[in-house]
């Protein structure tokens, strides 16, 4: 007999599936990494199997997300836009070298925005105008 899941457990199953897919991982890959059958992952993600605490911890570590991310209890992600979460998920799939390049670029953009504008684009009453440096 299949367990009857409450809405929190259904949300957990959905978040686990969405995260796995956003990371580009197959159920087979996840199952192999965790040493369980692929059908177990399928049943968890479809809401036909409850997620035990130890399994949630292992999935959290594999997916590089805090457990609260899956349970909806993580206050550190509340207020973050879906765009920012999508960028974070894409970033996590990059190689270490590419992540370093992205971080360097972000640091460059932040330092540029802290400096006094010397040119670039300005918004005026007449629309967007480009200024010479």
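The values are calculated or read from the model by the stated rules, or taken from the named source; none is laboratory data. No experiment lies behind these values; they were computed from the predicted model shown. Neighbour counts run over all protein chains shown; Cβ positions are idealised from the backbone, glycine included.
Which fully enclosed helices (runs of 4 or more DSSP H) of region 1-57 have 3 or more residues being modelled with pLDDT under 90?
Working: elements: 7-22, 27-34, 38-45.
Qualifying helices (runs of 4 or more DSSP H): 7-22.
For region 58-70, check the following and say yes or no: at least one residue is in contact with a helix residue (DSSP H, G or I) (Cβ under 8 Å, 6 or more places away or on another chain), crowded, with 16+ Cβ neighbours inside 10 Å and without any contact (Cβ under 8 Å) to a residue 24 or more places away in the chain. Please lay out each step first, then the result.
Within region 58-70, the first condition is being in contact with a helix residue (DSSP H, G or I) (Cβ under 8 Å, 6 or more places away or on another chain), and the residues that meet it are 58-60, 62-67, 69-70.
Imposing the further condition that a residue be crowded, with 16+ Cβ neighbours inside 10 Å reduces the set to 58-60, 62-63, 65, 69-70.
From the residues that got through so far, the ones that are without any contact (Cβ under 8 Å) to a residue 24 or more places away in the chain too are 60.
Yes: region 58-70 contains one or more residues that are in contact with a helix residue (DSSP H, G or I) (Cβ under 8 Å, 6 or more places away or on another chain), crowded, with 16+ Cβ neighbours inside 10 Å and without any contact (Cβ under 8 Å) to a residue 24 or more places away in the chain.
Please tell me if residue 102 is modelled with pLDDT of 90 or more, over 30 Å from residue 9 (Cα atoms), in contact with a helix residue (DSSP H, G or I) (Cβ under 9 Å, 6 or more places away or on another chain) and part of a helix (DSSP H, G or I). Before you say what the answer is, go through the steps one by one.
Numbers: modelled with pLDDT of 90 or more: yes; over 30 Å from residue 9 (Cα atoms): yes; in contact with a helix residue (DSSP H, G or I) (Cβ under 9 Å, 6 or more places away or on another chain): yes; part of a helix (DSSP H, G or I): yes.
Spelling it out, residue 102 is indeed modelled with pLDDT of 90 or more, over 30 Å from residue 9 (Cα atoms), in contact with a helix residue (DSSP H, G or I) (Cβ under 9 Å, 6 or more places away or on another chain) and part of a helix (DSSP H, G or I).
If the Cβ limit is 8 Å and pairs must be 6+ apart or interchain, which residue in region 30-42 that is free of Cβ contacts under 8 Å to residues at least 12 places away in the same chain and not assigned by TED's automatic domain parsing to the domain that holds residue 12 pairs with which residue that is surrounded by 15 or more Cβ atoms within 10 Å (Cβ to Cβ) and in a helix (DSSP H, G or I)?
none
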